[in-house]
Amino acid sequence: MSSLTSSAPKLKRDETASLLIRLRRLTRSYAFRIIAQGLITIWAVTTFTFFLIRLMPGNPVDTYIDALMQQRNLTLEEAQRAAAGIFEFDPDEPLVQQYVNFLSKLVRLDLGKSITKGGTPVLDIILRYLPWTLFCVGVALIISFALGVLIGLAMGYWRGGLLDNVMTGFASIISGIPDYILALLILIIFGVQLQWFRVGEVRGGVDPTIEVGFTLEYIGSVLRYAFLPVLIYVLASIGTWILAMKSSTISTLGEDYITVAQARGLSERRVLTSYVGRNAMLPLVTRLAISVGFVVSGSVIIEEMFQYPGLGRNLFVAIAQRDYTTMQGMFLVITSAVVFANILADLALGWLDPRVRLDKKVD
Amino acid sequence: MKAHFLWLFVASTLVLGAFGASAAEAPSGTWLGTWPYTAPGTHNLNSFATGGLNDNLGVVYRPLVELTPAYYMWATNEYMPVLAESWGFVDDSTAYEFTIKEGALWSNGDPITSADVVNTYAIGRILGWTQFNSVANVEAVDERTVRFTFQEGKQSLLAERLILKEHVVASANYGDLAAEALALFEAGKTKDDPEWAALTSKIQEFRPETLIASGPYTYSLADVGEAFMTLRWQPNSLYSDKVRFGELKIWSGETEVTTPLVLSGELAHSTNVYPPATIDSFVAAGIRLVTTPRGYGPALLFNFKVAPFDNKLVRQAMAHAINRDQSAFLTNGLGASGTVFMSGILDSLTPVLLNQEDIDALNKYEYDLDKAAALMEEAGFTRNASGKWVDSAGNTISVEYTFPADFADFSAAARDATAQLNDFGFDIKERALPWQEAANAIRNGQFQLSVWSWGSGAPFAFNNLNNPTRRWTAPSLAPEQPGTGLDLNAYSVNGQTLNDAIVNVNAGLDVEQHKARAGAISRLINEEVFFIPLNEMLSVEPLNEAKIGGAPADDDPIYQNPSNDHFLIWLILNGTFFPAS
């Protein structure tokens, strides 16, 4: 009995020591450090934006009154009457108190309620609009990345050819045109002048007369309404992918293993896909991961011009109205998306190339 | 057998009655307008909340859904009946009454009664409506008449306008909230009590499932899309048999979003502000333009704490040095006119609100660089070798002119004033800011020169004289905000401080007294040049006659109404506008 009682604490000590070792090992692991860094980054950015947002000139009430007077032609008295009592916001509450309240709600995943939208939960707003942005900008990113990589690869491999000359010019020009100029040009030239489509019929996210559901009609409508925004995102971003891939391909072509592969008599197709393409694409993967993070924020101007129901358009409205809680929630989602995309990229790189993990350990 | 016949008769009458009621059929045709309504998700049908009817339908479309008692005609200075059949001050002017038209119904079939008005104002009191600055009590006199009792000495024509322009809401939706509001008020609670704040939140968070309309149009949340919303005709309104559109399709968005829609002919009318080049495109596309007053214009604001703008002579010189006709053209093309009277009241209202002798006494500050130079010299300035004005210490007038970058019209006015004043010998640098920041810079006194609106969309001297002279300084701002730094108590008008004189200019109901008081204040503003009203802006609105018929000719008096008594409210309600074939 006594041996049993004396061995029990020893067993417990061993277990504790083993747990500590495992914990130490975990904290020293590459994945743990990357994730911890990410979480600290999210907290730091969230804190920074919390105070930055509140340092912006104008509180929601003053901004609302100014907007009504300036943009809706209301008199001061009418604007004050319209603004009376509609904001659930106390500008006199100490900032630190606001921050503590915000953090205590955040840990419970409560992003609070919109200041300017009559108490609508911010999470509801985000959940409603996020899928549209993810779909529209996500699809555009996939298309522009895939096409850009293919075209850039071909241009780099057959550099100096007709395709290279034409597409270099095209990519240089198109990557220099802002997306909203492209959108305006498409609307005015093809919508107003040539009347290929009715301008009003390309606005929104879906035909509001079609019942929501997984029906061919509804999905078709979603795709139809997303067509122009996606096209504009693709046109606005494909040039960058093309040029980056071309550059990467050219530098890869100078590697010894490509010469060896060609000397071995491998087919051109095999060299192009297995040796050149795969290696040239590696630097672009990190870039893609970062772009995936920014997909969440959408494109404010394009969403506004097409009245597309995305997060970017709502963020624009929230900033203009100084809707602190909504801005805060949206920035949190965007920050988290960028940080997690980077974490995934780091983890993927660490998995693909063990030297990355070892280097970190040595550091 | 007799009983059977009786039942048959009653049933037949009911059936016929029902057919009679539904005999009114929706007119055909669609109105194609625009308003930047709240997107689905946060869009709601609450008449009192943000994201509700006020935001979604605004001053133009809300009166077609929730009727106001009356509609004001600016040309004739009179109210036209809408929901009310009669109105006016009671004999001793201690109260105001209006009577709802007989037969007025909500869209759910309930009669519109004085209880609805009382309930509307019960909620308004909780929310702190400006009407309660003068109104003490709102009560039903009978089924259709409601009385507003004024606080002692607070009866005014301004209060009348606020009463007659207020939308009445349905008790079927808001009755419970109104009952709570009345109970709180009767219990002596005030806005400092937690119950008051709790009820305010409750009102804000209330989400009516259906909109109960008094106007000929209504809608549900299912009618709200991302790109457009549709207001649908309903049969029970006083105006259901008058309007000639079956639905009003309202496109979402502001100027940049609606421009292609106007050009492609998918938008028949728009209240957005378009730049001159876009207006030219509309003309080239054969779209008619209708011009109405906007009720304001850009004004050059001084920071009175910054030398030399604390010097009246310098301000007067600047008024002479700016060509206001040029300012108008560069601000908004043909959609603006250079200010003439410099009275602190819009030019269109000056002859109505001031006596002729006061108007004659006003300095018009014609564009005259010689006069401007003489005033600068009188103020102690001389020109240096570069032609710049310098004070006795040799300092040039080197200041910043802050303006809102996102308001194209105000930016243009500020930039033109900068260029003209620099040509005259000032050294002004432009500073563009986001509009919220520009407004806040004025509030916080963090500017030297700035631009913001002057005038008002209300036909009263108070609203005009208040903006911007009183709007941007104490006591209109928070104590810690210096604003323009203009000390209103340092000036006296008829034995009152300027602040009190402006506040009381429309006190009482004697219009002649109003004119006399306004005249004295106008003379002071004119003499002191508290701001320079650069020009008065017009709203140039596209009206596509391929889509809409019945628009009156350009010289019709209805177009004298500014945007917040918009002409289309009256012309749609009374069936003047109709769908073009």
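The values are calculated or read from the model by the stated rules, or taken from the named source; none is laboratory data. Here the structure is a predicted model, which is why all the values come from computation and not from measurement. So basically every Cβ, Gly included, is an ideal-geometry build from the backbone, and we count neighbours across all protein chains shown. Keep in mind that these areas ignore ligands, DNA and RNA; they rest on the heavy atoms of the full protein, side chains included. Shrake-Rupley method; radii C 1.70, N 1.55, O 1.52, S 1.80 Å.
Among the strands (runs of 3 or more DSSP E) contained in the range B:51-131, which hold 2 or more residues that are on the phi < 0 side of the Ramachandran plot and hydrophobic (A, V, I, L, M, F, W, C)?
Passing ranges, in order: B:70-73, B:84-89, B:95-100.
Tallying residues that are within 29 Å of the chain's Cα centre (by Cα) and at pLDDT 90 or above within the range A:157-175 yields 8.
In contact with a Pro (Cβ under 7 Å, 6 or more places away or on another chain) and at pLDDT 95 or above - does that describe any residue in the range B:249-260? The answer is no, given that none of the residues of the range B:249-260 is in contact with a Pro (Cβ under 7 Å, 6 or more places away or on another chain) and at pLDDT 95 or above. Screening residue A:283 on (1) assigned to a helix (DSSP H, G or I); (2) more than 27 Å from residue A:151 (Cβ to Cβ); (3) open to solvent by 40 Å² or more (accessible area, probe 1.4 Å) shows it passes everything except condition (2).
Just checking, which of B:519, B:550, B:575 is in the same structural domain as residue B:335 (by TED's automatic domain parsing) and over 22 Å from the mean Cα position of the chain (by Cα)? If you could, list the steps in order and put the result at the bottom.
On the way: B:550 fails: in the same structural domain as residue B:335 (by TED's automatic domain parsing); B:575 fails: in the same structural domain as residue B:335 (by TED's automatic domain parsing).
Only one candidate passes the filter, namely B:519.
Kindly list the number of the only condition in (1) within 22 Å of residue B:562 (Cα to Cα); (2) assigned to a strand (DSSP E or B) that fails for residue B:301. Only one criterion is unmet by residue B:301, namely (1). In a residue-by-residue description of the range A:211-227, the property of being open to solvent by less than 30 Å² (accessible area, probe 1.4 Å), farther than 20 Å from residue A:299 by Cα, within 11 Å of another protein chain (Cβ to nearest Cβ) and modelled with pLDDT under 95 applies to no position. In the range A:255-267, is there at least one residue being free of Cβ contacts under 8 Å to residues at least 12 places away in the same chain, part of a loop (DSSP other than H, G, I, E, B), more than 25 Å from residue A:343 (Cβ to Cβ) and open to solvent by 80 Å² or more (accessible area, probe 1.4 Å)? Scanning the range A:255-267 turns up at least one residue that is free of Cβ contacts under 8 Å to residues at least 12 places away in the same chain, part of a loop (DSSP other than H, G, I, E, B), more than 25 Å from residue A:343 (Cβ to Cβ) and open to solvent by 80 Å² or more (accessible area, probe 1.4 Å).
Which one of these is closer than 20 Å to residue B:363 by Cα and small (Gly, Ala, Ser): B:507, B:441, B:516? Write out each step before concluding.
Numbers: B:507 fails: closer than 20 Å to residue B:363 by Cα; B:441 fails: closer than 20 Å to residue B:363 by Cα.
Step by step, each of B:507, B:441, B:516 is checked, and only B:516 is closer than 20 Å to residue B:363 by Cα and small (Gly, Ala, Ser).
No other residue among B:263, B:330 is within 14 Å of chain A (Cβ to nearest Cβ) and under 29 Å from residue A:183 (Cβ atoms) apart from B:263.
Can you find, within the range A:177-201, the residue that is farthest from the chain's Cα centre (by Cα) among those that are in contact (Cβ under 8 Å) with a residue 60 or more places away in the chain and open to solvent by less than 20 Å² (accessible area, probe 1.4 Å)? Checking each candidate, the answer is A:187.
Matching residues to (1) at pLDDT below 95; (2) of a type outside the set (Asp, Glu):
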| site | (1), (2) |
| --- | --- |
| B:333 | yes, yes |
| B:352 | yes, yes |
| B:357 | no, no |
| B:370 | no, no |
| B:398 | no, yes |
| B:414 | no, yes |
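Residues that are away from chain B (no Cβ under 13 Å), in a helix (DSSP H, G or I) and surrounded by 12 or more Cβ atoms within 10 Å (Cβ to Cβ) within the range A:92-127 comprise A:98, A:99, A:101, A:102, A:103, A:105, A:106, listed in sequence order. Per the conditions (1) in contact with a Gly (Cβ under 7 Å, 6 or more places away or on another chain); (2) open to solvent by less than 30 Å² (accessible area, probe 1.4 Å); (3) in contact (Cβ under 8 Å) with a residue 12 or more places away in the chain, the sole criterion not satisfied by residue B:305 is (2).
Keeping to the range B:239-260, report how many residues are more than 12 Å from every other protein chain (Cβ to nearest Cβ) and surrounded by fewer than 22 Cβ atoms within 10 Å (Cβ to Cβ).
Start the filter on the range B:239-260 by keeping residues that are more than 12 Å from every other protein chain (Cβ to nearest Cβ), which leaves B:239-248.
Still in the list and also surrounded by fewer than 22 Cβ atoms within 10 Å (Cβ to Cβ): B:239-242, B:244, B:246-247.
So the count comes out to 7.
Collect the residues in the range B:278-298 that are assigned to a helix (DSSP H, G or I) and either within 13 Å of chain A (Cβ to nearest Cβ) or among the β-branched types (Val, Ile, Thr) (or both), keeping them in residue-number order. Across the range B:278-298, the qualifying residues are B:278, B:279, B:281, B:282, B:283, B:284.
All conditions but one from (1) open to solvent by less than 20 Å² (accessible area, probe 1.4 Å); (2) among the aliphatic types (A, V, I, L, M); (3) closer than 29 Å to residue B:72 by Cα apply to residue B:493; the one that does not is (3). Could you tell me whether the range B:202-211 includes any residue that is at pLDDT below 95 and over 25 Å from residue B:106 (Cβ atoms)? Checking the range B:202-211: not a single residue is at pLDDT below 95 and over 25 Å from residue B:106 (Cβ atoms).
The residues of the range B:100-115 that are open to solvent by less than 10 Å² (accessible area, probe 1.4 Å) and in contact with a strand residue (DSSP E or B) (Cβ under 9 Å, 6 or more places away or on another chain), listed by number, are B:100, B:104, B:112, B:114.
Residue by residue, here is whether (1) in a loop (DSSP other than H, G, I, E, B); (2) open to solvent by 10 Å² or more (accessible area, probe 1.4 Å) holds:
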{"site": "B:482", "(1), (2)": "yes, yes"}
{"site": "B:489", "(1), (2)": "no, yes"}
{"site": "B:518", "(1), (2)": "no, no"}
{"site": "B:524", "(1), (2)": "no, yes"}
{"site": "B:541", "(1), (2)": "no, no"}
{"site": "B:546", "(1), (2)": "yes, yes"}
{"site": "B:553", "(1), (2)": "yes, yes"}
{"site": "B:576", "(1), (2)": "yes, yes"}
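For the criterion of being part of a helix (DSSP H, G or I), modelled with pLDDT of 75 or more, within 13 Å of chain B (Cβ to nearest Cβ) and open to solvent by 60 Å² or more (accessible area, probe 1.4 Å), residue A:316 passes. Check whether at least one residue in the range B:275-287 is open to solvent by less than 50 Å² (accessible area, probe 1.4 Å) and closer than 20 Å to residue B:562 by Cα, and report yes or no. Yes, the range B:275-287 contains at least one residue that is open to solvent by less than 50 Å² (accessible area, probe 1.4 Å) and closer than 20 Å to residue B:562 by Cα.
Checking the conditions here, which among A:40, A:65, A:34, A:53 is in contact with an Asp or Glu (Cβ under 6 Å, 6 or more places away or on another chain) and either surrounded by 18 or more Cβ atoms within 10 Å (Cβ to Cβ) or at pLDDT 75 or above (or both)? First the steps, then the outcome.
Details: A:40 fails: in contact with an Asp or Glu (Cβ under 6 Å, 6 or more places away or on another chain); A:65 fails: in contact with an Asp or Glu (Cβ under 6 Å, 6 or more places away or on another chain); A:53 fails: in contact with an Asp or Glu (Cβ under 6 Å, 6 or more places away or on another chain).
On inspection, the qualifying residue turns out to be A:34.
Within the range B:317-353, the set of residues being open to solvent by less than 20 Å² (accessible area, probe 1.4 Å) and more than 26 Å from the chain's Cα centre (by Cα) comprises B:317, B:318, B:319, B:320, B:321, B:322. Considering only the range B:441-450, I want to know if a residue exists there that is buried (at least 22 other Cβ atoms within 10 Å of the Cβ), part of a helix (DSSP H, G or I) and of a type in the set (Val, Ile, Thr). Within the range B:441-450, one or more residues are buried (at least 22 other Cβ atoms within 10 Å of the Cβ), part of a helix (DSSP H, G or I) and of a type in the set (Val, Ile, Thr). Looking at B:407, B:462, just one residue is within 23 Å of residue A:321 (Cα to Cα), within 10 Å of chain A (Cβ to nearest Cβ) and within 19 Å of the chain's Cα centre (by Cα), and that residue is B:407. Cβ-Cβ distances below 6 Å connect the following pairs, each with a first residue in the range B:466-480 that is within 9 Å of another protein chain (Cβ to nearest Cβ), a second residue that is buried (at least 19 other Cβ atoms within 10 Å of the Cβ) and among the polar types (S, T, N, Q), and a separation of six or more residues or different chains: B:467/B:456.
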